[in-house]
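Engineer: Below you will find the structure I want to go over with you.
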Amino acid sequence: MIYFVGAGPGAVDLITVRGQRYLEQADVIIYAGSLVNPALLDAAKPGCKIYNSAYMTLEEVLAVMEEAAQKGAVVVRLHTGDSSLYGTVREQMDALRERDIAFEVCPGVSSLFGAASSLQMEYTLPEVSQTLIITREEGRTPVPKKESIAELASHQSTMVLFLSSGLAKKVQEDLLAGGYQPDVPVAVVYKATWPDEKILCTSVGKLAEAMEASGIDKMALIIVGEVLGEQYAKSKLYDASFSTAYRKV
């Protein structure tokens, strides 16, 4: 059996209980070495074969999976955060289906949520933003034109940008072109929940300059929006004048 496991955002104790159990049972682990905290591999049992997919092609990864599956081994494909976000898992799962190899997916805690916990923030605040846009800047991997940063920025909702910290100047230009004002707050979280996590608080107008000065150009999330500010309305859910199915005024 192949298990696609979300490793969590970085801290070793933020993998799920189920994911930890699969790691402990694995005969083979293929982990995304460019992003996954290697300390998670300490859970591997003696004799477990471990492969770093950062040095492998898709075909090489599939070959390891197929050979192990034919021997009845338990394989864990360890992806960073939750594999459903920028995890490149669809192509792997389709290939396994073609080979009639069984697999399951174990969800993980995304760095999206790890960063929010580090910032002690909420992505959706009443009368500020009720929408969260998860996207990335266009680099070597193209982005559909209708999903460009400038297009999405026109909504003025909360945005979280993955895989974009090396393109800070372009991100800043696109955010401004999309309508964000220069003083809109931005938080950059480098290696959220890792021991060497760094947090940079700045604004749209100063984003590129601040990131260059900090030296952060990889493994960081860029969070944009007024939810990082101080103004918001309190929730109706706990308002004494607001009736709910459980509490009547």
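Engineer: Can you go through Gly6, Gly47 and tell me which one is small (Gly, Ala, Ser) and touching a residue at least 60 places away in the same chain (Cβ under 8 Å)?
Structural biologist: Gly6
Engineer: Something else: Taking interchain pairs and intrachain pairs at least six residues apart, which have beta carbon atoms under 6 angstrom, with the first residue in the stretch 78-97 and closer than 14 Å to Phe162 by Cα and the second assigned to a loop (DSSP other than H, G, I, E, B) and among the hydroxyl-bearing types (Ser, Thr, Tyr)?
Structural biologist: Gly81/Ser110; Asp82/Ser110; Leu85/Ser110
Engineer: Looking at Ala150, Ala192, Ala187, Ala208 in this structure, which one is assigned to a loop (DSSP other than H, G, I, E, B), in contact (Cβ under 8 Å) with a residue 12 or more places away in the chain and aliphatic (A, V, I, L, M)?
Structural biologist: Answer to the selection: Ala192.
Residues checked against (1) touching a helix residue (DSSP H, G or I) at 6+ places or on another chain (Cβ under 7 Å); (2) over 20 Å from Val184 (Cα atoms); (3) among the polar types (S, T, N, Q); (4) surrounded by 18 or more Cβ atoms within 10 Å (Cβ to Cβ):
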{"position": "Arg90", "(1), (2), (3), (4)": "no, yes, no, no"}
{"position": "Ala95", "(1), (2), (3), (4)": "yes, yes, no, no"}
{"position": "Ile101", "(1), (2), (3), (4)": "yes, yes, no, yes"}
{"position": "Gly108", "(1), (2), (3), (4)": "yes, yes, no, yes"}
{"position": "Leu125", "(1), (2), (3), (4)": "yes, no, no, yes"}
{"position": "Ser129", "(1), (2), (3), (4)": "yes, no, yes, yes"}
{"position": "Ile134", "(1), (2), (3), (4)": "yes, no, no, no"}
{"position": "Arg140", "(1), (2), (3), (4)": "no, yes, no, no"}
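Engineer: Moving on. If only one of Arg77, Arg136, Arg99 is in the same structural domain as Gly10 (by TED's automatic domain parsing) and within 17 Å of the chain's Cα centre (by Cα), which one is it?
Structural biologist: That would be Arg77, the only listed residue that is in the same structural domain as Gly10 (by TED's automatic domain parsing) and within 17 Å of the chain's Cα centre (by Cα).
Engineer: Now for a separate question. Consider Pro142 against the criteria (1) at pLDDT 95 or above; (2) outside any helix (DSSP H, G or I); (3) more than 26 Å from Tyr232 (Cβ to Cβ): it satisfies all of them except one. Which criterion is unmet?
Structural biologist: For Pro142, the failing item is (1).
Engineer: Give the residue that is surrounded by the fewest Cβ atoms within 10 Å (Cβ to Cβ), with candidates limited to residues of the stretch 24-35 that are within 20 Å of Met1 (Cβ to Cβ) and in contact with a strand residue (DSSP E or B) (Cβ under 6 Å, 6 or more places away or on another chain).
Structural biologist: Across the stretch 24-35, the extreme among qualifying residues is Ala32.
The values are calculated or read from the model by the stated rules, or taken from the named source; none is laboratory data. Source: prediction; values computed, not measured. Quick reminder, even Gly has a Cβ in these numbers, built from the backbone with ideal geometry, and neighbours come from all protein chains shown.
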